[in-house]
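The values are calculated or read from the model by the stated rules, or taken from the named source; none is laboratory data. Not measured: the values here are computed from a predicted model. Note: ideal-geometry Cβ built from the backbone for every residue, glycine included; neighbour counts use all protein chains shown.
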Amino acid sequence: MNRRSSSAESLHSTRKSVRKSNNSSSISKVYDRWTIICLVIASINILNGLWMIVAPEHWYYNLPAGVPEFGPVNVHFIRDIGCIFFLLGIGLIFAAFYLSYRLPLFTMNTGFYLLHMLVHVHEVVSGRIRLSMFWVDLPGVYIPAIISFILNIFIIKQFQKKRHDTIY
């Protein structure tokens, strides 16, 4: 590799990789645009999860999404769901820096967001919740699920391309 090709590659590189070896195994730490995306979503999940765990009644009555519309407060259930948000957030922190964990952990987060969205869709379609709740849930339930799904498609394509490039 000559000096010119080395500098050209560095201009187009969007990823920094650091390898640390521990005896027989090596861990590749990655810093790229997905690191930031994962950290932003992780922060939202962790903060929401902690709010749900520490102050479930406050979360229930103060979340702008109109949670009381869905039924009476259930502190235990809110804390259970808070634990899920918290764990998904921690998973996304690992996904932010470790490429080998990124696809499965981001996909788990996306799966939860999509299933959560489908629960809300079912409640509106079945008539359990009034139709106008769709607009209340749009910014906090539907948009995050759709954005996460689209991002997940990009991550899958990135992994497929990388696998294709390593095969050939």
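For the stretch 14-35, the criterion of being modelled with pLDDT under 80, among the polar types (S, T, N, Q), in a strand (DSSP E or B) and in contact with a Leu (Cβ under 7 Å, 6 or more places away or on another chain) is met by at least one residue. Condition (residue is closer than 22 Å to R102 by Cα, at pLDDT 95 or above, part of a helix (DSSP H, G or I) and touching a Leu at 6+ places or on another chain (Cβ under 8 Å)) applied to the stretch 43-60: is it met by at least one residue? Checking the stretch 43-60: at least one residue is closer than 22 Å to R102 by Cα, at pLDDT 95 or above, part of a helix (DSSP H, G or I) and touching a Leu at 6+ places or on another chain (Cβ under 8 Å). Scanning the stretch 55-69 for residues that are in contact with a helix residue (DSSP H, G or I) (Cβ under 8 Å, 6 or more places away or on another chain) and not charged (D, E, K, R) turns up P56, H58, W59, Y60, Y61, L63, P64, A65, G66, V67, P68. Which residues, counting only those in the stretch 27-67, are over 17 Å from L105 (Cα atoms) and charged (D, E, K, R)? Answer for the stretch 27-67, where residues must be over 17 Å from L105 (Cα atoms) and charged (D, E, K, R): just E57. Residues considered: F94, F106. Of these, the only one that is buried (at least 18 other Cβ atoms within 10 Å of the Cβ), aromatic (F, W, Y) and either assigned to a helix (DSSP H, G or I) or at pLDDT below 95 (or both) is F106. So which of F70, F85 ends up being surrounded by 13 or more Cβ atoms within 10 Å (Cβ to Cβ) and either under 27 Å from I156 (Cα atoms) or basic (K, R) (or both)? Exactly one residue qualifies, and that residue is F85.
Filtering the stretch 122-140 to residues that are surrounded by 11 or more Cβ atoms within 10 Å (Cβ to Cβ) and assigned to a helix (DSSP H, G or I) leaves H122, E123, V124, V125, M133, F134, V136, D137, L138, P139, G140.
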